[in-house]
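See structure below.
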Amino acid sequence: MQSLNLHDHGTPATVGASVTLDIDGAQVTVPAGTSVMRAATLAGGAIPKLCATDSLAAFGSCRLCLVEIEGQRGFPASCTTLVSPGMKVRTESEKLTSLRKGVVELYLSDHPEDCKECAAGTRCELHQVAQDLGVTEVRYGRDGANHQHSKVDESNPYFNFDPSACIVCSRCVRACGEVQGTFALTIDGRGFASRVVASQDEGFMDSECVSCGACVESCPTGALTEKSLMTLGQPEKVVTTTCAYCGVGCSFEAEVKDQQVVRMVPSRDGKANRGHACVKGRFAYGYATHADRITKPMIRSKITDPWREVSWDEAFKYAASEFRRIQAQYGRQSVGGITSSRCTNEEAFLVQKLVRAALGTNNVDTCARVCHSPTGYGLKHTLGESSGTQAFDSVMKTDVMLVIGANPTEGHPVFGSRMKRRLREGAKLIVADPREIDLVRSPHVQADYHLQLRPGTNVALINSIAHVVVTEGLVNEAFVAERCEPGPFQRWREFCALEKNSPEAMQAVTGVPAALVRGAARLYATGGNGAIYYGLGVTEHSQGSTMVLGIANLAMATGNIGREGVGVNPLRGQNNVQGACDMGSFPHELAGYRHLSDSVTRELFNGTWGVTIDSEPGLRIPNMLEAALDGSFKAMYVQGEDPAQSDPNTQHVTAALSSLECLVVQDLFLNETAKYAHVFFPGSSFLEKDGTFTNAERRISRVRKIMEPLAGLADWEATVGFAKALGYDMPYTHPSQIMDEIAHLTPAFTGVSYEKLDRLGSIQWPCNEAAPEGTPTMHVDEFVRGKGRFYVTEYVPTRERVNMRFPLILTTGRILSQYNVGAQTRRTANVEWYDEDRVEIHPHDAEERGVVDGDWIGVISRAGETVLRAAVTDRVQPGVVYTTFHFPESGANVITTDNSDWATNCPEYKVTAVQVVKVAQPSAWQKRFRQQNEQQLELLRAPGSHTAG
Amino acid sequence: MNIQNLVNMANDMSNFFNSAAGEADAPREIASFITRHWDPRMRSQLIEHGKSGGEGLYPATAAAVKLLVPPGPRPA
């Protein structure tokens, strides 16, 4: 069922020269290639339809949209008939009405009679068409063969499929293919026996369906219906907001009833997602009202004490008094804070403001530290701005995609579907990844090159690709001469040309056959518009920043930057990683990536905030943890972040957290970090507040309040309260005022306001006088830094080496149904797809160890040991094992180490030397974890504590 | 702070800047990077380590440590 707000034009928009035609006596001008149906709806008319919707190519099966066209015989379908100059179309006539009525009667003859029983209700397009045409009776009766007793498929946790309501229009099948790119659905049988089936008629849950919901949304009847709609009934209003999961930042129409979300429908005019969604964004919002939500502030003196429920005021006063006591005792620099990539821009801005202005220290950092901080460093130094260069739409003009260390169909699924669409149109694909990710080979998509490198050898690979570009004359000399600094380029060119960087020499390091590297390099450099998309498989390495520099070098050398279809595109993990970084969350930078040593910028902030900001950099997250262990760091305010689960070397992290005298955690749930906290500020979900998120393409989108905060305060209000208790007033009454302050202080945001966001829908920064409506493509005529700067990127092996004791390399990643630490998705029905982290191991390595699929295996590294279940698969190469980190009890980060990127301290999650052995019981850490977890839950359940449930 | 971690971090910079900036300029680049990105207490500790022999520091790192300016007094 479509969105309440949708005005469906029946067929997709096209771009072309103007064509004027006559529809029902009116002159209508539309782009060439437009269907007659779309032209009619654009002119304000409406042609009855069932199989057509403007997110799908015209199909022409329902025979309802027939029209009369002067000079043409018969009654052509308006959805498949394109406009032509001077065409005269008649959309209404007695004959057309008669034909349409006949078609509708046939449909109704095998359709549930009583729409009151159907969750679609009055939104069933079939009943709407019947009503519009005045069809009240079916002449054929209902006694003949029909599908009215078909079994309903209730297997999917979020939607049902009721074949009795299905009109076999194929919209679901086409949505699965065209929009999602999974091709899980098909029409089985012929004629009367035709029916929609998932995969080999396995039921939705057991099929290849990824539960994106595109089929449900496209269904014109109640055949595919959300269970929430059946339970809650029809919504009362629609609120446009932004998804709080990954960095794609999908726009949604939240359909709401009594402050409850009935459905989330992706906005067709959403510029990031173009009307598509994934299983998380569309369906997995139930965590927001989960019984585990904590809705009252709580305090305790020691982490072994029971939690005590208090008022917000008491919580603020207690936290503030503790922070002031600690600063008085241990010094101003003994405290700090962490901003969240899951919270809004305004909230991240306020937390760093509180730390810098109210606490008087620059000890503030953000969870981008552990994901994309190398992106900031690498792109700032080469191109001049710490962000991706393109809009997502740009991929539709890409000829060659180079995907490095990213798994878009799992981690950024809506954009992954866009990529697949472009690949089906003929774009070429190079995947550089140790694993065989879905994009390497899936229905209608096959990578031209899969560079299956060994984890930790990215820089060796990018250097060997650059070697081919440089030595085979594939440099775009004109671009480099015009746009880049000549000296550094020359040094880079000479370095790349060295024989040690050749694919043949590097093959021993990377494990990638030289011929593949040469072929891939030639394809990227000469195949037309080349775009690089990368993820945490690039950044989370000891040479993460070096690799980002190498990627930017390659894009500049081949002229693949500064226009649509090309560019360097980091795929950000969390919804607001880009935004949290933009907002000045790093300890050495103020908002807009301006270094603290810039006295002019500092003075601007000093004047606005009425304080004197310290000019020295503060501690990064890993430094804070180290300092906590050495006794010089004693208190931390953590908003919407869970380092006890997400950061590497868990035992080191929890030891550091345990040594703090005051840890304030602000979150929806008692997360792993909160188990070490002394103050708990109950958080607010994205449904409970106003604000903005900035996605991976620098797109600022509005988050709009749908329900009142369960805890009474939105996160930004809690930060304001905490600041006030510290004696620093932040007199905002609405997040729009915070954005006004951000705009005042940040050059790239000068033109941003809530009024403009409401008017334009979203804005890609920079948005200022030079670009009042934002900047989809960066570095068009010149780089932000002026001339592009090349850097020599020597490959340096990680100090994390395999040996006899630790012979395998563990690397980590994500899965579609779960999200990061899983705090949200574990509290939804998404656990039906994935309820535990598993270790993927190659059959060869498994056999050597006597391990079969499903066995419990101990994974032992230099940092620790955990036990997980084995998944034996050749998706991973021999010598490499892989796991996800969505479940705290898995302890994936018990085994990751303290190694980190040389420039940013981003942890080297992707390379850990391990041994794997078959075991029969949990690890010692897991036993301790369970015990400690149970103790903390007991302390939460103690009298005086309170949760939503 | 664990001095070995600080030494490792600084040495990792030396691995980068030795090739990116050249061996002659690497110490200056490393010192600048540390000054711009490290909390003063970390910087002070590394300076002290350098003064006490600088065990474990790569040559460029050791040279960089000598260029580091000790942080001034911090606001109380």
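Using the structure shown, decide if A:T733 is touching a residue at least 40 places away in the same chain (Cβ under 8 Å) and of a type in the set (V, I, T).
Working: touching a residue at least 40 places away in the same chain (Cβ under 8 Å): no; of a type in the set (V, I, T): yes.
No; evaluated as a whole, the condition is false for this residue.
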Which one of the conditions (1) away from chain B (no Cβ under 14 Å); (2) open to solvent by 10 Å² or more (accessible area, probe 1.4 Å) does A:F349 fail to meet, given that it meets all the rest?
-> (2)
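Restricting attention to the stretch A:311-335, report how many residues are among the aliphatic types (A, V, I, L, M), away from chain B (no Cβ under 14 Å) and surrounded by fewer than 19 Cβ atoms within 10 Å (Cβ to Cβ).
0
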Per-region count, the stretch B:1-16, residues of a type outside the set (A, V, I, L, M) and at the interface with another protein chain (Cβ under 7 Å from one of its Cβ atoms) | 5
Out of all the residues in the stretch A:115-138, is one or more touching a strand residue (DSSP E or B) at 6+ places or on another chain (Cβ under 8 Å) and of a type in the set (S, T, Y)?
-> no
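Suppose we filter A:V480, A:V475, A:V512 for residues that are crowded, with 19+ Cβ neighbours inside 10 Å, in a helix (DSSP H, G or I) and aliphatic (A, V, I, L, M); which single one remains? Break it down stepwise before answering.
Working: A:V475 fails: in a helix (DSSP H, G or I); A:V512 fails: in a helix (DSSP H, G or I).
None of the other options fit; the residue is A:V480.
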Could you tell me whether the stretch A:519-531 includes any residue that is touching a residue at least 60 places away in the same chain (Cβ under 8 Å), outside any loop (DSSP other than H, G, I, E, B) and surrounded by fewer than 24 Cβ atoms within 10 Å (Cβ to Cβ)?
-> yes
For B:A76, state whether it is surrounded by fewer than 15 Cβ atoms within 10 Å (Cβ to Cβ), facing another protein chain (nearest Cβ under 8 Å), small (G, A, S) and in a loop (DSSP other than H, G, I, E, B).
-> yes
Taking the stretch A:666-705, which residues are within 24 Å of the chain's Cα centre (by Cα) and farther than 30 Å from A:S753 by Cα?
-> A:F669, A:L670, A:N671, A:E672, A:T673
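Can you tell me which of A:T883, A:T897 is open to solvent by less than 20 Å² (accessible area, probe 1.4 Å) and within 14 Å of chain B (Cβ to nearest Cβ)? Write out each step before concluding.
Values: A:T883 fails: within 14 Å of chain B (Cβ to nearest Cβ).
Of A:T883, A:T897, the one residue that is open to solvent by less than 20 Å² (accessible area, probe 1.4 Å) and within 14 Å of chain B (Cβ to nearest Cβ) is A:T897.
Are any of the residues in the stretch A:776-788 away from chain B (no Cβ under 14 Å), open to solvent by 40 Å² or more (accessible area, probe 1.4 Å) and not in a loop (DSSP other than H, G, I, E, B)? It would help to see each step written out before you state the result.
Initially, the stretch A:776-788 is screened for residues away from chain B (no Cβ under 14 Å), giving A:776-788.
Next, from what is left, pick out any that are open to solvent by 40 Å² or more (accessible area, probe 1.4 Å): A:776, A:780-782, A:784-785, A:787.
Restricting the remaining residues to those that are not in a loop (DSSP other than H, G, I, E, B) gives none.
No, the stretch A:776-788 has no match at all.
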Sort out which residues of the stretch A:123-149 are polar (S, T, N, Q), surrounded by fewer than 16 Cβ atoms within 10 Å (Cβ to Cβ) and under 19 Å from A:C169 (Cβ atoms), and write them in order of number.
-> A:Q131, A:N146, A:Q148
In the stretch A:677-691, residues that are surrounded by 24 or more Cβ atoms within 10 Å (Cβ to Cβ) and part of a loop (DSSP other than H, G, I, E, B) total 4
Pairs, first touching a residue at least 24 places away in the same chain (Cβ under 8 Å) in the stretch A:148-159, second surrounded by fewer than 17 Cβ atoms within 10 Å (Cβ to Cβ) and of a type in the set (D, E), C-beta under 8 Å, six or more apart | A:S155/A:D206; A:P157/A:E832
Scanning the stretch B:17-30 residue by residue, those more than 13 Å from B:A62 (Cβ to Cβ) and within 10 Å of chain A (Cβ to nearest Cβ) turn out to be B:F17, B:S19, B:A20, B:A21, B:G22
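Matching residues to (1) basic (K, R); (2) touching a strand residue (DSSP E or B) at 6+ places or on another chain (Cβ under 6 Å); (3) in a loop (DSSP other than H, G, I, E, B):
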site	(1), (2), (3)
B:M1	no, no, yes
B:N5	no, no, no
B:G22	no, no, yes
B:R28	yes, no, no
B:A60	no, no, no
B:V65	no, no, no
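Would you check if there is a residue in the stretch A:16-36 being open to solvent by less than 30 Å² (accessible area, probe 1.4 Å) and under 30 Å from A:Q234 (Cα atoms)? Write out each step before concluding.
Taking the stretch A:16-36 first, the residues open to solvent by less than 30 Å² (accessible area, probe 1.4 Å) are A:19, A:21-23, A:28, A:30, A:34-36.
If we keep only those that are under 30 Å from A:Q234 (Cα atoms) too, we end up with none.
Looking for residues that are open to solvent by less than 30 Å² (accessible area, probe 1.4 Å) and under 30 Å from A:Q234 (Cα atoms), one finds none in the stretch A:16-36, hence no.
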Taking the residues in the stretch A:532-590 that are of a type in the set (S, T, N, Q) and at pLDDT below 95 as candidates, determine which candidate is surrounded by the most Cβ atoms within 10 Å (Cβ to Cβ).
-> A:N575
If you go through the stretch A:844-854 one residue at a time, do you hit one that is closer than 26 Å to A:T457 by Cα and surrounded by 22 or more Cβ atoms within 10 Å (Cβ to Cβ)?
-> yes
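Can you confirm whether the stretch A:216-224 contains a residue that is open to solvent by 30 Å² or more (accessible area, probe 1.4 Å) and hydrophobic (A, V, I, L, M, F, W, C)? Spell out how you get there, then give the answer.
Step one: list which residues in the stretch A:216-224 are open to solvent by 30 Å² or more (accessible area, probe 1.4 Å), which gives none.
Checking the stretch A:216-224: not a single residue is open to solvent by 30 Å² or more (accessible area, probe 1.4 Å) and hydrophobic (A, V, I, L, M, F, W, C).
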Restricting the stretch A:422-472 to residues that are assigned to a loop (DSSP other than H, G, I, E, B) and of a type in the set (D, E), which is surrounded by the fewest Cβ atoms within 10 Å (Cβ to Cβ)?
-> A:E425
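In the set B:E48, B:E55, which member is part of a helix (DSSP H, G or I), more than 9 Å from every other protein chain (Cβ to nearest Cβ), open to solvent by 30 Å² or more (accessible area, probe 1.4 Å) and out of contact with any helix residue (DSSP H, G or I) (no Cβ under 7 Å at 6 or more places or on another chain)?
B:E48
Within the stretch A:556-614, work out how many residues are among the polar types (S, T, N, Q), over 30 Å from A:Y533 (Cβ atoms) and touching a residue at least 60 places away in the same chain (Cβ under 8 Å).
Of the stretch A:556-614, the ones among the polar types (S, T, N, Q) are A:558, A:560, A:569, A:574-576, A:578, A:585, A:597, A:599, A:601, A:606, A:608, A:612.
In the following step, the residues that additionally are over 30 Å from A:Y533 (Cβ atoms) were identified as A:597, A:599, A:601, A:606, A:608, A:612.
From what is left, the residues that are touching a residue at least 60 places away in the same chain (Cβ under 8 Å) are A:608.
Summing the residues that are among the polar types (S, T, N, Q), over 30 Å from A:Y533 (Cβ atoms) and touching a residue at least 60 places away in the same chain (Cβ under 8 Å) in the stretch A:556-614 gives 1.
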So which of A:C62, A:C79 ends up being over 30 Å from A:H149 (Cα atoms), under 41 Å from the mean Cα position of the chain (by Cα), in the same structural domain as A:D8 (by TED's automatic domain parsing) and not aromatic (F, W, Y)?
-> A:C79
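For the stretch A:300-339, enumerate the residues that are hydroxyl-bearing (S, T, Y), assigned to a helix (DSSP H, G or I) and under 37 Å from the mean Cα position of the chain (by Cα). If you could, list the steps in order and put the result at the bottom.
Initially, the stretch A:300-339 is screened for residues hydroxyl-bearing (S, T, Y), giving A:301, A:304, A:311, A:318, A:321, A:330, A:334, A:339.
Narrowing the set further to residues that are assigned to a helix (DSSP H, G or I) leaves A:318, A:321, A:330, A:334.
Matches in the stretch A:300-339: A:Y318, A:S334.
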Limited to the stretch B:31-44, what total is found for residues that are facing chain A (nearest Cβ under 10 Å), crowded, with 21+ Cβ neighbours inside 10 Å and either closer than 27 Å to A:Q490 by Cα or of a type in the set (A, V, I, L, M) (or both)?
-> 2
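The values are calculated or read from the model by the stated rules, or taken from the named source; none is laboratory data. Quick caveat, the model's predicted, so the values are computed rather than measured. Heads up, the Cβs are rebuilt from the backbone with ideal geometry, glycines too, and the neighbour counts pull from every protein chain shown. Only protein heavy atoms, including side chains, enter the accessible area calculation; ligands, DNA and RNA are left aside. Shrake-Rupley method; radii C 1.70, N 1.55, O 1.52, S 1.80 Å.
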